[in-house]
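**Student:** To start, I am sharing the structure in question, which I have written as structure tokens.
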Amino acid sequence: MNKIDVIRALLKEKIAYRPILTDASAFAPSNIALCKYWGKRNAELNLPMTSSLSIGLGDKGATATLSLIEGGDRIVLNDQPMALTSSFGQRLVAFLDLFRQATKQSWSLNVVIHSRIPIAAGLASSACGFASLVRALNQLFQWNLSSRELSILARLGSGSACRSLWQGFVEWHAGCAEDGMDSYGEPLAVEWPGFCIGLCIVQSGPKTLSSREAMQRTIDTSPFYEKWPAVVAHDYAALKSAILSQDFDALGKTAESNALAMHAMMQTAWPPIVYALPDTLVAMQTVWRLREMGISVYFTQDAGPNLKLLFLQNDRAIIQSHMPMLEYLQIF
Ligand code: PMV
């Protein structure tokens, strides 16, 4: 099965729908994983080796606004026209092509994406980009798909996008079906007032190596990749139980250790993959120093040099006094 087959299977008779509205607009939050997705069992359908668990980033995300136009797609990202030949431009057009091919229709869109997070800096900008895009397409065509179905479509654009259809804690079930129909996001019905995230932006420019390439290289060359599924199984269970019992230290410890395990494994790939910059390590050391002072703060890190700090509202002021650059996000 390829991506087009998946779209046809999800749309069923709606495959014949033409765009009903001339404009549509939708928001999707970015998400960061507390238990990471690293490695695909099917690279075409972005099916993961393991399940993962994330948290939505509130109003940090992307809004996609689509308008039907004549004469080919146009993309505007954060008020700047984007070359269709740029790597994000190519990914977006390729994604729209899937729908044109699946529906055997030709239409062109003006795609305006407004992202409230730095692009391609390991802050899941592609996740919220693709999730907002499928939501906006769902409106434009009036498909009335469920969030679960939209999650499957978003996954075809970028794996972690399937967790960006919801706020709060979201599980991505790895699934085992070959067509990936059981590989989607699902929210946990947990509210955790006081749960905070701080963005520690060390560098906001584009990352040097895409997560797609880095994942494949890790699987192909790291002698430790075979241990990863067991690490995830342990951390996933520990995180879920920490979330359900609202045990913040258990959550923070597991999330930090999971991120460090993922990055340690990447360092053993060849050529080695190191996303951290010197300032990333400085920020980690500040976090560890704060913990020695008795403050419950932890970090996680994705495919980029930036850290996301996890802490509770009560500790916000003291943490910010030690890390003035921290961008604070309230989640619930
Ligand atoms: O969905 P992708 O291809 O951007 O990969 C995401 C990889 C990590 O952010 C490092 C981990 C995750 O689970 O989000």
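**Student:** Among the residues that make up region 296-308, is at least one of them surrounded by fewer than 19 Cβ atoms within 10 Å (Cβ to Cβ), part of a helix (DSSP H, G or I) and of a type outside the set (Val, Ile, Thr)?
**Tutor:** no
**Student:** Separate question: Between Ala242, Ala255, Ala261, which is within 16 Å of Ile55 (Cβ to Cβ), surrounded by 14 or more Cβ atoms within 10 Å (Cβ to Cβ) and free of Cβ contacts under 8 Å to residues at least 60 places away in the same chain?
**Tutor:** Answer to the check: Ala242.
**Student:** Can I ask one more? State the number of residues belonging to region 222-239 that are surrounded by fewer than 15 Cβ atoms within 10 Å (Cβ to Cβ) and either touching a residue at least 40 places away in the same chain (Cβ under 8 Å) or in a strand (DSSP E or B) (or both).
**Tutor:** The number of residues fulfilling the criteria is 3.
**Student:** Please state which of the following conditions Ile117 fails to meet, knowing it meets all the rest: (1) modelled with pLDDT under 95; (2) surrounded by fewer than 20 Cβ atoms within 10 Å (Cβ to Cβ); (3) hydrophobic (A, V, I, L, M, F, W, C).
**Tutor:** (2)
**Student:** When the residues of region 137-158 are narrowed to those that are part of a loop (DSSP other than H, G, I, E, B) and away from the ligand (no atom under 14 Å from the Cβ), which ends up farthest from Glu178 (Cα to Cα)?
**Tutor:** Filtering first and then ranking leaves Gln142.
**Student:** Where in region 7-69 are the strands (runs of 3 or more DSSP E), entirely inside, with at least 1 residues that are hydrophobic (A, V, I, L, M, F, W, C) and within 12 Å of the ligand (Cβ to nearest atom)?
**Tutor:** Answer list for region 7-69: 23-35, 52-69.
**Student:** Can you find a residue that is more than 17 Å from the chain's Cα centre (by Cα), assigned to a strand (DSSP E or B) and farther than 28 Å from Ala303 by Cβ anywhere in region 73-83?
**Tutor:** The answer is yes, given that some residue of region 73-83 is more than 17 Å from the chain's Cα centre (by Cα), assigned to a strand (DSSP E or B) and farther than 28 Å from Ala303 by Cβ.
The values are calculated or read from the model by the stated rules, or taken from the named source; none is laboratory data. Computed from a predicted structure; not experimentally measured. Every residue, glycine as well, gets a Cβ built from its backbone with ideal geometry; the counts of neighbours run over all protein chains shown.
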